[in-house]
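Structure, as structure tokens:
The values are calculated or read from the model by the stated rules, or taken from the named source; none is laboratory data. As the structure is a computational prediction, the values presented were derived from the model and not from experiment. Here the Cβ is made from the backbone with ideal geometry for all residues, glycine too, and neighbour counts use every protein chain on show. Just the protein is used for accessible areas: all its heavy atoms, side chains included, with ligands, DNA and RNA removed. Shrake-Rupley method; radii C 1.70, N 1.55, O 1.52, S 1.80 Å.
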Amino acid sequence: NSGVVCLLRPLLLDIVPSIRQTTALALGRLADYDVELAEAVVKAGILPQLICALPEENRYYKKAAAFVLRAIAKHSPQLAQAVVHCGALEMLVICLEDFDPGVKEGATWAFGYIARHNPELSQAVVDAGAVPLLVLCIQEPEIALKRIAASTLSDISKHSPELAQTVVDAGAIGHLAHMILNPDAKLKRQVLSALSQIAKHSVDLAELVVEAEIFPVVLTCLKDSDEYVKKNGATLIREIAKHTPELSQLVVNSGGVAAVIDCIGSCRGTVRLPGIMTLGYVAAHSENLSMAVIVSKGIQPLSICLIEEHEDHIKAAAAWALGQIGRHTTEHARHVAVANVLPTLLDIYVDTRSSEDLKMKASRFLKALKNILQKCTYLPALEPLLHEAPPNIMKHIIGQFSKVLPHDSKARRLFVTTGGLKKVQEIKAEPGSLLQEYINTINNCYPEEIVR
């Protein structure tokens, strides 16, 4: 408000190097503080002045200049575009070639803040020729430089298959894969994130990541003491497993499903989410893969998530995964039903106290319920639902009873003694409807006086 930005501007051209550096640092701190101050620095026309003599400046000035560019770029795509527009990328590339690791780190950081916003800005970073130099940076001995270079490659890769391919073509995957076992947790987080962002786009890219022999090495990350390493490790496995049955089978063969299940059991909250999704993707591909999840005892931790978790999106993911496991055959559905999942799913679906977010996701719970119900012929699990299910679910439950009861005398006896047949008589169905047909089929299994 006192016009400090305009007072600082001429000091960038001062004859004394330390004044130029301190001025750049002051501008960086102002711009870093909030978006309005960053805009004020841009409007004052400081950026061209900041970078005009950058190649000739010393390392302290270069670091401070990179800090200003990063501090401005971080706030919004528009401000990042202003940094690109003034020709900063070419200067930052020069900084990436500097001998000083601190200068490289500052430039890498600035590239990351520019690239993360959108595909166009990410493409501008690629076009400036930054990617091969960033791949060299992840091979440098300094751990801080490795971390930020891996993070920036992740930010470039995340937007599109084409941008990810650019990172792959520069030879990044092999170097990233080698660092999965690095003892530094922060570096591992960024490495796993970068590999995930590459693998997520397509089958081809996922296969290239797998070919770098990340299995079974990546499974050790699921036991890491750092929660973000666990989460990012599970995310990488999810991004590979989701593409094809073959890639899911590879995850299963390497012991990935069992490791993911252990991971879900050993943590709480959002750390569980990618693991939950992984099990759903694997199970969705085929009957055999779904059975692999069942055999590895995957149903129990998922049903625990339904009860334990407070976040609605985690409950919704667990419900979806259980629906994928149970939807294949009567045998699959039976395994899910025996774990007493159906009443829990129904309770969440009909709970009037559920948040608005959860009500929006109610369709997912309904779909999961239907997926399991349409295959479930295990009547002891279905019977309790008869007494609390709303009409849109009741139809599916009655449908399953109408399939089983005509062929199973023991089930018919139980259905009477537990009050199931009585409950069916209370259901008001439209004449000629599918539900009425189901009820007629059930009633026809019994003598008329029992039905009466």
> Between residue 213 and residue 403, what is the FRET efficiency for a Förster distance of 51 Å, r being their Cβ-Cβ separation, to the nearest 0.05?
Replying inline: 0.60
> Among [x] 59, 24, 16; [y] 44, 29, 24; [z] 45, 31, 19, which one is semi-axes √(5λ) of the Cα gyration tensor in Å computed from these coordinates?
Replying inline: [x]
> Put +1 on the Cβ of each Lys and Arg and -1 on the Cβ of each Asp and Glu in the chain; which of 198, 286, 78 then has its Cα farthest toward the positive end of the dipole?
Replying inline: 286
> Hey, if you put +1 on the Cβ of every Lys and Arg and -1 on every Asp and Glu Cβ in the chain, which of 263, 150, 4 ends up farthest toward the positive end of that dipole?
Replying inline: 263
> What does the charge dipole of the chain about its Cα centre add up to, to the nearest 20 debye, if the Cβ of each Lys and Arg holds +1 and the Cβ of each Asp and Glu holds -1?
Replying inline: 1360
>> Using helices alone, I'd like the mean residue ellipticity at 222 nm for the chain: each DSSP H run of four-plus residues gives -39500 (n - 2.57), total over residue count, nearest 500.
In response: -21000 deg cm²/dmol
>> I'd like the FRET efficiency for residue 307 and residue 287, computed as 1/(1 + (r/R0)^6) with the beta carbon distance as r and R0 of 25 Å, rounded to 0.05.
In response: 0.35
>> For a Förster distance of 56 Å, can you work out the FRET efficiency between the beta-carbons of residue 19 and residue 253, rounded to the nearest 0.05?
In response: 0.35
>> Given an 8 Å cut-off on Cα distances and at least 6 residues of separation, report the relative contact order of the range 386-451 as a percent.
In response: 40
> For the range 386-451, which whole percent of the accessible surface, found with a 1.4 angstrom probe, sits on carbon and sulfur atoms?
Replying inline: 53
>> Using the Cα centre of the range 24-113 as the reference point, and only Cβ charges (+1 on K/R, -1 on D/E), how large is the resulting charge dipole? Debye, rounded to the nearest 20.
In response: 100
> With each pseudo-label sitting 7 Å past Cα toward Cβ, what's the residue 449-residue 363 distance in nm, one decimal?
Replying inline: 5.1
> For the range 386-451, with the dipole built from +1 on Lys and Arg beta-carbon atoms and -1 on Asp and Glu ones, taken about the Cα centre, which of 443, 416, 431 lies farthest toward the positive end?
Replying inline: 416
> Ranked from highest to lowest mean number of other Cβ atoms within 10 Å per residue, what is the order of the peptides 140-147, 187-194?
Replying inline: 187-194, 140-147
> Ignoring ligands, DNA and RNA, what accessible area per residue does the chain give at 1.4 Å, in Å²?
Replying inline: 44
> From the phi of every residue in the range 305-321, what ³J(HN,Hα) in whole Hz does the Karplus formula 6.51 cos²θ - 1.76 cosθ + 1.60 yield, where θ is phi - 60° and glycine or proline is x?
Replying inline: 4, 4, 8, 7, 6, 9, 6, 5, 5, 6, 4, 4, 5, 5, 4, 4, 4
>> To the nearest 20 Debye, how big is the dipole of the range 386-451 about its Cα centre, given +1 on the beta carbon of each Lys and Arg and -1 on that of each Asp and Glu?
In response: 220
